[in-house]
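Visitor: Could you have a look at this structure, given as structure tokens, before my questions?
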Amino acid sequence: EVKVYPAYIAGEWRFSESQETIAITSPWKADVIGRVQALTQDEVDQSIAASKAAQRVWADLSLGERGDYLNQWASELEKDREAIATAVMNEVGKNYNDAEKEVTRTVDLIRYTVQEALHMHGESVRGDGFPGGSKDKLGIIERVPLGVVLAIAPFNYPVNLAASKIAPALMAGNGVVFKPATQGSISGIKMIEALDRTGLPAGLLSLITGRGSVIGDYLTEHPGINMISFTGSTKTGKHLSQKSIMIPLVLELGGKDPAIVCEDADLDLTTQNIVSGAFSYSGQRCTAVKRVLVDDKVADQLVAQLKPAVEALAVGSPVDDSTVVPLIDEKAADFVQGLIDDALAKGATLITGNQRQGNLLAPTLLDNVTEDMAVAWIEPFGPVLPIIRVQTTDAAIAIANKSNFGLQASVFTQDIDKALEIANAVEVGTVQVNGRPERGPDNFPFLGVKSSGMGTQGVHNSILSMSREKLTVMNLR
Ligand code: G3P
């Protein structure tokens, strides 16, 4: 029998008055593994109102008291590590090891967030620094909460990317309305069950699930929402930024991260980083390596090393700890297949891959990809890696920057001057020298430019983005 999960509305686990549910299908069991609630707009209103009311009291607690709840949440998650990892594996098809690492990373993230918030403090300023100003004006600058934060998490890290919004929002003194990705809501529910066990004040956080057509824009445009932190597709992110007028917004969206491989790169290290960067979790990471821009002089050698490394990847079920697992759904697999077909029709060379069983695609390496092919520019969010050969470093930089995306870029070279020169020239949030693109460690700032995002995450920056300055001026006598 398929389990029906309640939503967590205004401090209560409830079934929706809509009496409608949404089926969650496991990407690898190809079976419905649970049903979640399709909430109504009225239930969204109740959640936001309860959050706002509880937030006022929450913000008055000391940082230490707020931190105690969060530390307890981390301990509860630790106790549920296996159950939550299993939920992640079943729901989004991440292999068990990676799912377990995600839970551990989340426990660490929450504890780190508590510590970070405890160590942050405001500042003061005297007026005499400005011409004509006086020492008798003393400005006290504190950080205060924004109110109710809407946290929208994606399917690929249903636990970690949820906590990376919820924990800083709560430490900064906000209430939270948490909207997990529909495919990811069971994992989200399990982590909020753990939070609920800490006795968190009722209503402070709600977990809402539902249909985008009913509650999507309604949430985004809701006057009770004071900040939105969103991770997901560029399409949805752009839509959110059009709907949420004058609401602070942090967006972490898609990417097309290049690995720029110079003539003098250490090709063993480069191969290892490109393969894990491109194919971990089937490339369903915004920070996956999504194109290789390699100097023609070492391209043959690089391809010769990539081919066996890609063919050695474990492909199959997440229970067997495969690196390449079935994509989140059939539609995602069709999309990736379309990119492969287009490239091959336009003359790309298939090095390995291009086999498919349902939504499981073999890791696919395409050489001699040219700028007229869609796979050169479009984010596949799947296991296909295009190799574009370039004659010069300048050409690599030009192609890197021609993309609409600007999340991260990797540069492989043994020449530090060249590494810095390229790092300066690429229009991205982060450059990884001799390493794969990745968000972690979670205390690093994480940001994308252009269509990859807006604002900065990472523990410290998330706390800043979920609070604001408040200035009190003492006019002394
Ligand atoms: O796609 C989500 C993005 O945040 C990736 O995180 O840790 O895989 O680099 P990570």
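Visitor: Along the Cα→Cβ direction, 7 angstrom out, place labels at Val4 and Ile33. What is the inter-label distance in nm?
Guide: The modelled label-to-label distance comes out at 2.1 nm.
Visitor: Using a ≥ b ≥ c from the Cα gyration tensor of region 287-366 (square roots of the eigenvalues), is it rounded, prolate or oblate, where a/c under 1.5 gives rounded and otherwise the larger of a/b and b/c decides, a/b for prolate?
Guide: On the way: a/c = 2.20, a/b = 1.38, b/c = 1.59.
Oblate, because a/c is 1.5 or more while a/b does not exceed b/c.
Visitor: Can you tell me which of 226-233, 152-159 comes out highest on packing, and rank the rest after it, using the mean Cβ neighbours within 10 Å? Let's see the in-between values first.
Guide: Values: 226-233: 22.9, 152-159: 26.0.
In descending order of packing, they fall as 152-159, 226-233.
Visitor: What order, most packed first, do the peptides 415-423, 191-199 have when packing is the mean number of other Cβ atoms within 10 Å of each residue?
Guide: Working: 415-423: 14.9, 191-199: 19.0.
Packing order, densest peptide first, comes out as 191-199, 415-423.
Visitor: Over the Cα atoms of region 322-477, each weighted equally, I'd like the Debye log10 I(q)/I(0) at q = 0.12 Å⁻¹, rounded to two decimals.
Guide: Result of the Debye calculation: -0.67.
Visitor: Among the aspartates and glutamates, which fall within straight-line cross-link reach of Lys307, defined as a Cα-Cα distance under 18 Å, with same-chain neighbours fewer than 8 residues apart omitted?
Guide: Hits, sequence-local ones excluded: Asp266, Asp268, Asp295, Asp296, Asp367.
Visitor: OK, next. Lys and Arg at +1, Asp and Glu at -1: add these up for the other residues within a Cβ distance under 13 Å of His222 and post the number.
Guide: -2
Visitor: Dipole size in debye (nearest 20) for region 1-107 around its Cα centre, Lys and Arg Cβ +1, Asp and Glu Cβ -1?
Guide: On the way: 12 positive and 19 negative charges, 45 e Å.
Here region 1-107 has a charge dipole of around 220 debye.
Visitor: Then there's this: Looking at region 179-312, I'd like the Rg to Rh ratio, where Rg is from alpha-carbon atoms and Rh is Kirkwood's inverse mean 1/r. Numbers along the way, then the final one.
Guide: Working: Rg = 21.0 Å, Rh = 18.4 Å.
Ratio value, two decimals: 1.14.
Visitor: In Å, what is the Rg of the alpha-carbon atoms in region 36-140, and how long is Dmax?
Guide: When restricted to Cα atoms, region 36-140 yields Rg and Dmax of 21.6, 66 Å.
Visitor: In the neighborhood of Tyr8, defined by Cβ-to-Cβ distances under 14 Å, what is the net charge if each Lys or Arg adds +1 and each Asp or Glu adds -1?
Guide: On the way: positive: Arg14, Lys179, Lys190, Arg197; negative: Glu12, Glu43, Glu193, Asp196.
Overall, the nearby charge balance is 0.
Visitor: Out of all DSSP beta bridges in region 80-237, what portion is antiparallel? Express it as a percent rounded to 5.
Guide: Just about 25 percent of them are antiparallel.
Visitor: Continuing with this model, one more query. If Lys and Arg each add +1 and Asp and Glu each add -1, what is the summed charge of the other residues whose beta carbon sits under 10 Å from the beta carbon of Arg389?
Guide: Details: positive: Lys297; negative: Asp295, Asp296, Asp300, Asp367.
Once positives and negatives cancel, what remains is -3.
Visitor: For the chain, compute Rg over Rh where Rg is the Cα radius of gyration and Rh is the Kirkwood radius from the inverse mean 1/r over Cα pairs. Spell out each step's value before the answer.
Guide: Details: Rg = 23.5 Å, Rh = 23.4 Å.
Value, to two decimals: 1.00.
Visitor: Still on this model: Relative to the compact-globule scaling 2.2 N^0.38 Å, provide the ratio for the alpha-carbon radius of gyration of region 325-389. Present the calculation step by step, with values, prior to reporting the outcome.
Guide: On the way: Rg = 10.8 Å, N = 65, 2.2 N^0.38 = 10.7 Å.
Compactness ratio reported: 1.00.
Visitor: Within region 407-430, name every residue whose backbone N is under 18 Å away from a label modeled 7 Å from Cα of Asn401 along the Cβ vector.
Guide: Inside the label zone: 407-412, 418-430.
Visitor: Something else now. Please work out the Cα center distance from region 59-122 to region 258-287, rounded to the nearest Å.
Guide: 29
Visitor: Could you give the length gained by full extension between Gln41 and Ala83, i.e. 0.36 nm per residue of separation minus their alpha carbon distance, to one decimal place?
Guide: So the extension gain works out to 12.0 nm.
Visitor: Can you list the DSSP H helices in the chain whose Cα atoms extend at least 18 Å along the helix axis and whose mean Kyte-Doolittle hydropathy is 1.0 or higher?
Guide: On the way: long enough: 41-60 (29 Å, -0.67); 63-79 (24 Å, -1.18); 96-119 (35 Å, -0.71); 296-311 (23 Å, -0.08); 330-345 (22 Å, 0.28).
Once both thresholds are applied, nothing remains.
Visitor: To continue, here is another question. Taking every DSSP beta bridge with both residues inside the chain, roughly what % is antiparallel (nearest 5)? Walk me through the numbers on the way to the answer.
Guide: Details: 33 of 70 bridges.
Roughly 45 percent of the DSSP beta bridges within the chain come out antiparallel.
Visitor: If you don't mind, another one. Could you tell me which of Gln457, Val433, Ser467 has its Cα farthest along the dipole of region 415-477 towards the positive end, charges placed at Cβ (Lys, Arg +1; Asp, Glu -1), taken about the Cα centre?
Guide: Ranked along the dipole, the leading option is Ser467.
Visitor: Taking the Kirkwood radius as the inverse of the mean 1/r across Cα pairs, report the Rg/Rh of region 231-283. Can you show the working numbers first?
Guide: On the way: Rg = 17.0 Å, Rh = 13.9 Å.
Expressed as Rg/Rh, it is 1.22.
Visitor: Given only helices, namely DSSP H runs of n ≥ 4 each adding -39500 (n - 2.57), what is the per-residue ellipticity at 222 nm of the chain, to the nearest 500 deg cm²/dmol? Don't jump to the answer; show the numbers that get you there.
Guide: Details: 14 runs with 183 residues, N = 477.
That comes out to -12000 deg cm²/dmol.
Visitor: How big is region 233-347 on each of its three principal axes, counting only the C-alpha atoms and giving the largest first in Å?
Guide: 51, 35, 31
Visitor: For Ser280, Ser462, what's the fewest-to-most ordering of other Cβ within 10 Å of each Cβ? All intermediate terms of the calculation are to be shown ahead of the outcome.
Guide: Working: Ser280 23, Ser462 28.
The fewest-first ordering by Cβ neighbours comes to Ser280, Ser462.
Visitor: Counting DSSP beta bridges with both partners in region 318-421, what percentage is antiparallel, nearest 5? Could the numbers behind the result be given before it?
Guide: Values: 5 of 8 bridges.
The antiparallel proportion sits near 60 percent.
Visitor: Output the peptides 426-434, 254-262 sorted from most to least packed, where packing is the average of other Cβ atoms within 10 Å over each peptide's residues. Don't jump to the answer; show the numbers that get you there.
Guide: Numbers: 426-434: 19.6, 254-262: 26.6.
The packing order, highest mean first, is 254-262, 426-434.
Visitor: Return the aspartates and glutamates within reach of Lys101: Cα separation strictly under 19 angstrom, same-chain partners fewer than 8 residues apart disregarded; answer none if there are no such residues.
Guide: Within the straight-line limit of under 19 Å, Lys101 reaches these aspartates and glutamates: Glu76, Glu78, Asp80, Glu82, Glu91, Asp320, Asp321, Glu438, Asp442.
Visitor: Continuing with the same structure: Starting from the Cα of Lys450, draw a straight line to each of the lysines and keep only those under 19 Å, dropping any in the same chain fewer than 8 residues away.
Guide: Lys235, Lys238, Lys243, Lys256, Lys290, Lys402
Visitor: Can you give the Kirkwood hydrodynamic radius of region 25-87 from its Cα pairs, in Å with one decimal? Could the numbers behind the result be given before it?
Guide: Values: mean 1/r = 0.0652 Å⁻¹.
Computed over region 25-87, the radius equals 15.3 Å.
Visitor: Further, regarding this structure: Using the crude model of +1 on Lys and Arg Cβ and -1 on Asp and Glu Cβ, and no other charge, please compute the dipole size for the chain relative to its Cα centre, in debye to 20.
Guide: Working: 43 positive and 58 negative charges, 240 e Å.
Dipole of the chain, to the nearest 20 debye: 1160 debye.
Visitor: Which distance in nm do the two modelled labels at Phe444 and Ala314 give, with both placed 7 Å along the Cα-to-Cβ direction?
Guide: 2.6
Visitor: Along the Cα→Cβ direction, 7 angstrom out, place labels at Glu330 and Val57. What is the inter-label distance in nm?
Guide: Label-label distance for Glu330 and Val57, simple model: 4.9 nm.
Readers should treat all values here as calculations from the given coordinates under stated rules, not as data from a laboratory. Since the model is a prediction, treat every value here as computed from it, not as a measurement. All Cβ positions, glycine included, derive from the backbone under ideal geometry; neighbour counts span all protein chains shown.
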